Each structure stands twice: as C-alpha cells, then as structure tokens.
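Novice: Submitted below is the structure of interest, expressed as structure tokens.
The values are calculated or read from the model by the stated rules, or taken from the named source; none is laboratory data. Remember, predicted model here, so these are calculated numbers, not experimental data. FYI the Cβ positions are ideal-geometry reconstructions off the backbone, even for glycines, and counts take in every protein chain you see. Remember, those area values only see protein heavy atoms, side chains included, never the ligands or the DNA or RNA. Shrake-Rupley method; radii C 1.70, N 1.55, O 1.52, S 1.80 Å.
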Amino acid sequence: MAAPRSFLLLLPLLLLALVFTVYADHPPHLIGGLSEANENEEGVQQALNFAMTEFNRGTNDKYGSRVFRVLRVRKQIVSGVKYYFDVEVHRTTCNKSVADLSNCPYHVDPPLKKHSICQFEVYTVSWLNQNSLVKNECRDA
C-alpha cells in the first residue's frame, strides 16, 4: 500500500518537471503580455508604415525618411494590438511630399546623411480602422 501512495505524491512533481522541460525554450505567451513579432506580418507592416508616415509628417525636414533596418518588433494584445518598434531610420533623397518613399535612395553625402534610432509604439484597433502613434522617440545614431 505504501508504494502506490508514494507514487501519488511523486506524480505532481513529475508533471511539474515535464512542464518546465517543455517550456524551457519556448515559454507560454501570457494574455496581455509582450511577445516577439515577425516584422513581415501584415499587421506589423501596416503599423510600421503608419508610424513612419506620422514620423515624416511631424518633422521639419524637407526630405522624407524611411526604415533602414528593423532592430526589434514586439506586440501586445489588448483591446486592440500595441506594436513596439525599435528601428534604424535614414534620410532619403526624396522630398517629403513624395507619396511612396520605398524606392527613394538614402542620402550618402555627409552633410545630408542622417541616421536615427527610433522607438515607436503604435496602438491599432483594426476592426474600427483606428491607429495612433503613442510613442515617437528618436536619437541620432
């Protein structure tokens, strides 16, 4: 009778060890918690395009800027989705009034060449077609 009882006491410990082993490399996502996001996801791209449009609209620079490199993207599911971006932004040779800056080359001439590291936070409620730039902080690189 002692053997089955000791097995019943060990069973929760074995289950706990199994859970730690399974989630050691891939912890579970917490609801409402931050998780890494794929920069190629449609929602991520839309949020980043929105952030860059707002960034360019808010500067006094006559040239438009665009993302040179995505350093990190995270997202948080709330009553919508919050996207957190760390990106490297470079000034282009195109005037800000150009509708699509995606094909504009970057300035390479030192007086006009400008690089920044930016943190953007975009809150999106897709079913209401609402976006807002919650955070827009950049520093020269």
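Novice: Leaving out same-chain residues fewer than 8 places away, which aspartates and glutamates sit with a Cα under 18 Å from that of Lys113?
Specialist: Leaving aside aspartates and glutamates fewer than 8 places away in the same chain, those within reach of Lys113 are Asp61, Glu88, Asp140.
Novice: If Lys and Arg each add +1 and Asp and Glu each add -1, what is the summed charge of the other residues whose beta carbon sits under 13 Å from the beta carbon of Tyr106?
Specialist: Charge balance in the 13 Å sphere: +3.
Novice: While we're on this one: Leaving out ligands, DNA and RNA, what percent of the accessible area of the stretch 80-141 is carbon and sulfur, probe 1.4 Å?
Specialist: 49
Novice: Let me ask something additional. Could you give the nm distance between label points at Arg57 and Ser79, where each point is 7 Å from its Cα heading toward the beta carbon?
Specialist: Between Arg57 and Ser79, the label points sit 2.2 nm apart.
Novice: Shifting gears a bit: Students sometimes get this wrong: rank Ile117, Ile77 by accessible area, probe 1.4 Å, all chains present, largest first.
Specialist: Ile77, Ile117
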